[in-house]
1. Restricting the search to the range 113-146, which residues are touching a residue at least 40 places away in the same chain (Cβ under 8 Å), touching a Gly at 6+ places or on another chain (Cβ under 8 Å) and closer than 26 Å to D192 by Cβ?
2. Going residue by residue through the range 90-106, is there one that turns out to be surrounded by 12 or more Cβ atoms within 10 Å (Cβ to Cβ), modelled with pLDDT of 95 or more and among the charged types (D, E, K, R)?
3. Hey, could you check the range 155-180 for residues that are surrounded by fewer than 16 Cβ atoms within 10 Å (Cβ to Cβ) and touching a residue at least 40 places away in the same chain (Cβ under 8 Å) and say which is nearest to A121 (Cα to Cα)?
4. Restricting to the range 183-194, give me the number of residues that are of a type outside the set (D, E) and within 31 Å of the chain's Cα centre (by Cα).
5. Is there a residue being among the hydroxyl-bearing types (S, T, Y) and within 30 Å of the chain's Cα centre (by Cα) anywhere in the range 108-127?
6. Out of the range 249-260, which residues are surrounded by 16 or more Cβ atoms within 10 Å (Cβ to Cβ) and in a helix (DSSP H, G or I)?
7. Output the qualifying pairs, or none if there are none: Cβ atoms under 6 angstrom, residues six or more apart or on different chains, first residue in the range 196-221 and at pLDDT below 80, second residue hydroxyl-bearing (S, T, Y).
8. Hey, does the range 194-211 have a residue that's in contact with a Lys or Arg (Cβ under 7 Å, 6 or more places away or on another chain) and part of a loop (DSSP other than H, G, I, E, B)?
Amino acid sequence: MKSYAFAFFIGTMSPIVNISKAFCIRPAALSFSTMITSTTTRTLFTNNTVNKTTRTTKNQHTPPTASSLTTTRVFITRMGQASSSSSSPSSSSSSLPEYGNPTYGLTKKLPPGITFPDAIAKVTEALKQNGFGVLTEIDMRATMQKKLNVDLGRPYTILGACNPKLALNALQNAPAVGLFLPCNVAVLEDPDGSMVVSIVSPEEMFSIAAKDGNVSAAVGSGSGQSTSAADTRSNGPSGGGVEALAKEVQEIMTKVIDSL
């Protein structure tokens, strides 16, 4: 009876043991699989966290400190100063010497108390009274300042004076005389503050043309009448026609200077 009972117990327990073995194996396998999955999940989550942290750190804007702002301002200011100095060099000054009394000009220093605008007005009026108008007016000081960034230090203007009838007479007979037109009149301030007016000498100017046989021919008097071909040939290379016109203009410009 006891043997039968023991055998029955053993037989009864056998399926349970088999089932237990099966369950023991499966939980172990499940546990291993769960461990791998859990480890992978933790790794992915950890990497995700790192990536998120990295992105967050990159996107974060750290407010600048007062010292960094000061340093930035100083740097930008110095860069701006360097850029300005390189793009626009500082203006330089060029002190002109005394004008003097050149032999190729009719020059006069005006009485004290006359300002530069007054000198321009007086010369313009004197030229007008003697049949010459002002065609051009070049402000040399402003031009040098604009083109070269150099200040001459004193006013200096060149007027271009012309008498239409005399100019036409000269050009009709010797077109190359146009190289000397119009007659230049320099108005400037000397170092002592006085105003100077200087007109190019027509005789000195035309003496250059008289050296050229082609130009020296056929300039008659200021009456506007051209000389004939025979007269032209008789004048020859000595330039009698040019000298006559130059003498007439010289006399007019002398009157202009004397009236100032």
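The values are calculated or read from the model by the stated rules, or taken from the named source; none is laboratory data. These figures come from a predicted structure and were not determined experimentally. Here the Cβ positions follow ideal geometry from the backbone for every residue, glycine too, while neighbour counts run over all protein chains shown.
1. Matches in the range 113-146: L127 only.
2. The answer is no, given that none of the residues of the range 90-106 is surrounded by 12 or more Cβ atoms within 10 Å (Cβ to Cβ), modelled with pLDDT of 95 or more and among the charged types (D, E, K, R).
3. Of everything passing the filter in the range 155-180, K165 is nearest to A121 (Cα to Cα).
4. Narrowing the range 183-194 to residues of a type outside the set (D, E): 183-188, 191, 193-194.
Narrowing further to those that are within 31 Å of the chain's Cα centre (by Cα): 184-188, 191.
Qualifying residue count, the range 183-194: 6.
5. No, the range 108-127 has no match at all.
6. Pass one, the range 249-260, residues surrounded by 16 or more Cβ atoms within 10 Å (Cβ to Cβ): 249-250, 252-253, 256-257, 260.
V249, Q250, I252, M253, V256, I257 - these are the residues of the range 249-260 that are surrounded by 16 or more Cβ atoms within 10 Å (Cβ to Cβ) and in a helix (DSSP H, G or I).
7. From the range 196-221, the pairs are A210/S216; A217/T232; A218/T227; A218/T232; G220/S226; G220/T227.
8. Within the range 194-211, one or more residues are in contact with a Lys or Arg (Cβ under 7 Å, 6 or more places away or on another chain) and part of a loop (DSSP other than H, G, I, E, B).
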